[in-house]
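Okay, structure first, notes after.
The numbers here are math on the coordinates, done by the rules we state, and not lab data. In this text the structure is predicted, and so the values were computed from the model without any measurement. Cβ coordinates were reconstructed from backbone atoms using ideal geometry, including for glycine residues, and neighbour counts include every protein chain displayed.
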Amino acid sequence: MNLFIQVYHIVRDILHLPLRLHENTRQKKLVEEVKEEEKARNERRQQEQGVATEEKKPEEIAIKKQDGAAGELKRINFNYVVVNSFGQTIKSSFEAASESEVRAFLINEGYKIVSITPQKGINWNLEIGSKKMTTGELTFALTQLSTYIRAGIPLIDSVRILAKQTVNPSKRKVYERIVYDLVTGENFSKALENQSNVFPRLLVNMIKTAEMTGDLPTVLDEMSEYYDSIEKTKKQMLSALIYPIVILVVAIAVVVFCLVYVVPSFVSMYESSDSSLPAITLITLSMSSFLQNHYLILIIIVAALITTYVLTFRNVKSFRKFMQTVYMKTPVIGKIIIYSEVSMFTKTFASLINHNVNITQSMDVLSKISNNEIYKEIIDKAINTLQKGGKISESFRGNWAFPVVAYEMLVTGESTGQLGVMMEKVADHYSSLHQTAIGAIKSLIEPVTIIVLAFAVGFILLSIFIPMFDVYSTIST
């Protein structure tokens, strides 16, 4: 391990040596510009306020911490073009109080500056990709950070490595902002909290706990495993849904093709015959005629229904709670949802408790990271119970969304003082049940979808061939 650390520092110094020599003169000039800018700014303040101010000290750092104090300059957006140590040109933007801060930050990060221009007007610089970290990206980043820190690389250098190896511009800006906050004196958890739209609240709270205990690598590893388990659960759910969705799409395509192209070719033959058509054929002909004449209206109606459902589900709490209740009480599917929610809840709860986060704060974190309104209500009830001096298990007693086994384990954990351990066991148990339920539904879906497809196609074929027999019998007589 020591050999790895020595090699890392030697390689880093060799790579940065030419750039440092090249930028040495520019750095000195930059410091002078910053001093002059600060001096002029202070003189303007003296003139406006009539209050004498002291000269800035020569050792003042070029990159200043923006902490919301009085007299703070408002941050504006700067577009920049730089060249990294590999000769690659990078175009992005950065928020700072002045161009000098941006220049100092970029030079400190080892970039060769091509241009820095302030953003004028509305910021239309929309970058490809979302800044929101996916669970897969979080798992990779946390694993990398833990590895670098365990190898003796400082945290700020570890984040710099992540920034430089990131191809996505929006994600690179996220890491650069973390580096900037760390340089200005913020701790790691605060740097993550400053980008609350990117990093989960649970991760921020766990990093805060790690900073208090001084064991950041262990927490990073545990959170990496946690998000990795979430990613695996999502993939299992997707794999269970992909097959029936594909079959459903194929079935709809086959039915539409038959109704639009096959059935109309027999209409003239049926009309020329004097025999009456059976009800099954009349239904099929009506469906065919409706699709041909009103397909555009049908598409608009379906699109409108889907859009309305999605928007209502996202924005109307009562509707979201109602639909989640319906899903959770649906046979087979309901068990999968409950097992997943209970497993996720207990796994997160155990992680918080095992890192000495108090129960009330743990419940507060859980209420903010859960997307299920039923469990949010249970957690809010638990918070109120704890504030009144009661036990957390009182809020979960007899609730249909929290299985009896999980409740009994929760009570046992409270009474024995081993709540974290018990919650881990519950998480493992329901995670196993969740995987078993997914396997069962996958094996159940296949025959059901085949039967549905066979019924739909068979219905159309029967509606076509039954009148043909009648026509044939009429002709033969």
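Using a 10 Å cut-off on Cβ atoms, rank the peptides 327-334, 310-317, 389-396, 203-210 from the highest mean neighbour count down. Provide the component values of the computation, followed by the final result.
Values: 327-334: 13.1, 310-317: 11.2, 389-396: 16.4, 203-210: 20.9.
Result, highest mean first: 203-210, 389-396, 327-334, 310-317.
Could you state, as a whole-number percent, how many of the C-alpha pairs of the range 135-230 are farther apart than 20 Å?
Details: 1252 of 4560 pairs.
It works out to 27 percent of all Cα pairs.
Give me Rg/Rg_expected for the range 170-212, where Rg uses Cα atoms only and Rg_expected = 2.2 N^0.38 Å with N residues. Intermediate values should be presented prior to the final figure.
Working: Rg = 9.9 Å, N = 43, 2.2 N^0.38 = 9.2 Å.
Output field value: 1.08.
Using the 10 angstrom Cβ neighbour count as an exposure proxy, how do Arg103, Arg150 rank, fewest first?
Values: Arg103 23, Arg150 14.
In increasing order of surrounding Cβ atoms, one gets Arg150, Arg103.
What value in Å³ per residue do you get for the convex hull of the alpha-carbon atoms in the range 244-477? The partial results should precede the final answer.
Numbers: hull volume 35.7 nm³, N = 234.
Dividing the Cα hull volume of the range 244-477 by its residue count gives 153 Å³.
In what order do Val411, Val302 fall by count of nearby beta-carbon atoms within 10 Å, going from fewest to most?
Val302, Val411
Out of residues 5 or more away from Glu95 or on other chains, whose amide H comes under 5 Å of its own, with H placed 1.01 Å from N in the peptide plane?
Residues meeting the amide H criterion: Phe78.
Considering the Cα trace of the range 293-398, what is its radius of gyration and what is Dmax, both in angstroms?
18.3, 67
How long is the range 169-304 along each principal axis, judged by its Cα atoms, biggest number first, in Å?
Its Cα atoms span 90, 26, 20 Å along the three principal axes.
Between Arg320 and Ile161, what's the calculated FRET efficiency when r is the beta-carbon distance and R0 is 41 Å? Round to 0.05. Mind dumping the intermediate values first?
On the way: r = 41 Å, r/R0 = 0.99.
It comes to 0.50.
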